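Below is one structure; the comments refer to it alone.
The values are calculated or read from the model by the stated rules, or taken from the named source; none is laboratory data. These figures come from a predicted structure and were not determined experimentally. Every residue, glycine as well, gets a Cβ built from its backbone with ideal geometry; the counts of neighbours run over all protein chains shown. Just so you know, the surface numbers come from the protein's heavy atoms only, side chains and all, with ligands and any DNA or RNA stripped out. Shrake-Rupley method; radii C 1.70, N 1.55, O 1.52, S 1.80 Å.
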Amino acid sequence: MKPVKTSRVILRQFREGDEEQIYQYASVEGVGERAGWKHHANVQESQSVLYNVFLKNPNCFAITDRESGKIIGSFELSSSSLSNDFPECEHTYEIGYVLSKDYWNQGIMTELMNEVIQELIKEGETDLLFIRANQENKASIKVIEKSGFFCYKIMQDIYNARIDRKETHLCFYLRLKR
């Protein structure tokens, strides 16, 4: 997927040296935990994520504030085990995202999600999108539902080793091709 722009944010590839800006949002308690990981304890942890995760996935993007250029989150398209639920669909992605707490409840993720969906439809190669959210993450569920996704499955007692707890995930899908 090519970089996407909205009126307030731009998706761009992560770059070497982005770890300080990642740390700024990822170190805030509650941000990572909503996405299923512990907030970052230090810049070295953010650097490890940058080099071992973000830079290795060409479909992982920095969400940047359009006005300041500052990184305020991440957005990723990845392969998913949920694709087994729809074997007739060949080209599928699972979406994952996180946004800086300073930017919550402003409609930014809904705006971005809708723009990404339109770009993927325009590119014409993706059959189906998946996204899952912890049932406790009401804000993310709201974004997902506003973006047109349908809840089709509940996965209970999923052990999340990153935060050492069991969770219940709501699984959503959106068909881009019929």
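Dipole size of segment 31-168 about its Cα centre, with +1 on Lys/Arg Cβ and -1 on Asp/Glu Cβ: approximately 520 debye, rounded to the nearest 20. From most to least packed by mean Cβ count within 10 Å, the peptides 115-124, 82-91 give 115-124, 82-91. Accessible surface of residue 48, taken over heavy atoms with a 1.4 Å probe and every protein chain present, rounds to 60 Å². Summarising the amide proton neighbourhood of residue 176: residues at separation of 5 or more, or on other chains, whose placed amide H is nearer than 5 Å comprise 128, 129. Of the residues 24, 49, 4, the one whose Cα sits farthest toward the positive end of the charge dipole of segment 4-57, with +1 on the Cβ of Lys and Arg and -1 on the Cβ of Asp and Glu, is 4.
Just to be sure I understand the rule: take each whole DSSP H helix in the chain, project its Cα atoms onto its long axis, keep it if the span is 18 Å or more and its mean Kyte-Doolittle hydropathy is at least -1.0. Which ones pass?
Values: long enough: 108-123 (22 Å, 0.22).
Result, helices passing both filters: 108-123.
On full extension, the segment bounded by residue 145 and residue 51 gains 30.6 nm, given 0.36 nm per residue less the C-alpha separation. Given the rule -39500 (n - 2.57) for each run of at least 4 DSSP H residues, summed and divided by the residues of the chain, what is its mean residue ellipticity at 222 nm, to the nearest 500 deg cm²/dmol? It lands at -8000 deg cm²/dmol. Amide H contacts under 5 Å for residue 9: 66, restricted to partners 5 or more places along the chain or on a different chain, H placed in the peptide plane at 1.01 Å from N.
In this rough spin-label picture, where each label sits 7 Å from Cα along the Cβ direction, the residue 115-residue 16 distance is 2.8 nm. A probe of 1.4 angstrom, applied to the heavy atoms of all protein chains, finds residue 166 with accessible area near 140 square angstrom.
FRET efficiency for the residue 27 to residue 84 pair, using the beta carbon distance and R₀ = 41 Å, is estimated at 0.70. For segment 24-117, the per residue solvent-accessible surface stands at 48 Å², with DNA, RNA and ligands left out and a 1.4 Å probe.
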